[in-house]
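Quick note: the coordinates plus some simple rules give every number you see, no bench work behind them. It should be emphasised that the depicted structure is a prediction, and the values quoted were computed from it without experimental measurement. Cβ sites come from the backbone with ideal geometry, for glycine too, and all protein chains shown count toward neighbours.
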């Protein structure tokens, strides 16, 4: 007989907009397929810890999973860590339930041993959990408790169980931006110096069937009321061209729901953007990351700023709102690259720029190795609390002041990023949907 399983989404971040916990929806589908009984509780949608306590006192569970999407804000202007709050949730569960506690999620997989010890859980699933979590539930149902506390998943091409969406969560995200999300592929072959995606999903690209993806977009729209779709792939426009097959499948399926995705400023031409626009592409998020060729090279991005400009021009010509996310102060940043970078950002014209200062250091990345070599951190230094890399070559330069001065009077140049949250929240409450880049790009006057 299957176990009663409760999966708790502990994320409460809404920057730059609330994101449905898609991984938990797939885990619920996998557990049900294996004969278990999953329930999803979302702290954002279901009343926070007070709502969770009521649920635990009224129901009995044998396995409780905590899905951890973010360790912190990854924003040096607002460096808030989430683990103390997650620990309060874990302690509440311990007080109210004797269930086996299992940790998982993308953030957990970055530092699994440290987070497992910090939260004092029974087990942790590292990587994708659609196969491992049902196996663990099977073992527990049979009275067998695995000796290993950290369970490492094998990455499979076919681990795409049908997601089960929580009605209460659907209502929350539909009324807070109208946006639901889908993944068309997993993995990332790139070697960006700061990034944890390869640790979480591996470097080999694994593709979901395009027709299946298009069908799910249709279901989310017609059955669940989604008014906007976000494709959560690490990079949507992969070098192999799978993204074109997805666009063609969406067109074939008659998709009318607008969508957005993460883009790399490569592997795109005018025909690609026109194809995707026909398929519903309504906004782009570009992982620009740095603003000069030298700092892009130091981050191992594998593209130049001229390619960023070219992609931006294509988006402008196709009338697709485009947002760039940029981190200033990274490796090799100095006075010359800073001046060049700020000028480069100005040359992006009518597009959004979300700027961050410094880069969150994560273990296992080449940025962490460089930080040790440059004395920014010590070898073996704990990284659970947010620590940011800032180029030693910027010593004596007030990066925040320079950035603020450069962006003065520009409502489409956003620093700090938290500054835009109240405005986005207001627009969502007014009924606008999606990431809202088009609204932020409309001509207005900045209040002083």
Stretch residue 372-residue 408 to full length: gain in nm at 0.36 nm per residue minus the Cα-Cα span? 9.5 nm
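Of all the Cα-Cα pairs you can form in the chain, what percent are over 38 Å apart? Kindly include the intermediate steps, with their values, before the conclusion.
On the way: 21985 of 100128 pairs.
The proportion of pairs with Cα distances above 38 Å equals 22 percent.
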Where q = 0.11, 0.16, 0.19 Å⁻¹, what log10 of I(q)/I(0) comes from the Debye formula for the stretch 303-448, counting one point per Cα? -0.52, -0.98, -1.20
Cut-off 13 Å (backbone N to label point 7 Å along Cα→Cβ of residue 222), residues of the stretch 242-268: 253-257
Could you state the angle between the C-alpha long axis of helix 83-96 and the longest principal axis of the C-alpha atoms of the chain, as a value from 0 to 90 degrees rounded to the nearest 10? 10 degrees
Distance (nanometres) between label positions extended 7 Å along Cα→Cβ at residue 318 and residue 191: 2.9 nm
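Test of understanding: what is the full-extension gain from residue 332 to residue 98, defined as 0.36 nm times their sequence separation minus their Cα-Cα distance?
On the way: separation 234, 0.36 × 234 = 84.24 nm, distance 5.12 nm.
Extending this stretch completely gives an extra 79.1 nm.
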Suppose R0 equals 41 Å; then what is the FRET efficiency for residue 215 and residue 379 from their Cβ-Cβ distance, rounded to the nearest 0.05? 0.25
Mean-square fluctuation check for the chain, GNM, Cα pairs under 10 Å: which of 58, 88, 271 is largest? 58
Relative to the chain, whose Cα atoms define the longest principal axis, helix 22-33 and its Cα axis are tilted in degrees, nearest 10, by 30 degrees
Take the alpha-carbon centre of the stretch 38-57, take the same for the stretch 224-272, and report the distance between them in whole Å. 33 Å
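Based on alpha-carbon atoms only, what is the radius of gyration of the stretch 4-152 relative to the globular estimate 2.2 N^0.38 Å? Mind dumping the intermediate values first?
Numbers: Rg = 14.5 Å, N = 149, 2.2 N^0.38 = 14.7 Å.
For the stretch 4-152, the normalised Cα radius of gyration comes out at 0.99.
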Any idea what the relative contact order of the stretch 4-152 is, in percent, if you count C-alpha pairs under 8 Å spaced at least 6 apart? 24 percent
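Remind me, relative contact order of the chain in percent, using alpha carbon pairs under 8 angstrom and six or more residues apart? Working shown, then result.
Values: 852 pairs, mean separation 66.5, N = 448.
That works out to 15 percent.
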The whole-number value in µm²/s of the Stokes-Einstein translational diffusion coefficient for the stretch 198-339, with Rh from the Kirkwood sum over alpha carbon pairs at 10 °C and 1.306 mPa s, is 98 µm²/s
Which one of 421, 86, 397 has the biggest mean-square fluctuation once the chain is modelled by GNM with Cα springs under 10 Å? 397
Structure-based [θ]222 nm, the chain - -39500 (n - 2.57) summed over DSSP H runs of at least 4, per residue, nearest 500: -10500 deg cm²/dmol
Would you calculate the separation in nanometres between label points at residue 350 and residue 1, each defined as 7 Å from the Cα along the Cα-to-beta-carbon direction? 6.5 nm
Taking every pair of Cα atoms in the stretch 93-190, average 1/r, invert it to obtain the Kirkwood radius, and report Rg/Rh to two decimals. 1.00
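For residue 141 and residue 171, compute 0.36 nm times the residue count separating them, minus their Cα-Cα distance, and round to one decimal in nm. The partial results should precede the final answer.
Values: separation 30, 0.36 × 30 = 10.80 nm, distance 3.27 nm.
Additional length available on full extension: 7.5 nm.
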Simple label model, 7 Å out from Cα along Cβ direction - residue 12 to residue 309, nm: 4.5 nm
If you find the alpha carbon centre of the stretch 291-344 and of the stretch 150-184, how far apart are they in angstrom? 31 Å
Could you identify which residue out of 349, 241, 380 has the top mean-square fluctuation in a GNM of the chain using Cα springs shorter than 10 Å? 380
Would you mind giving the three semi-axes, in whole Å and largest first, of the ellipsoid equivalent to the stretch 177-440 according to its Cα gyration tensor? 32, 22, 18
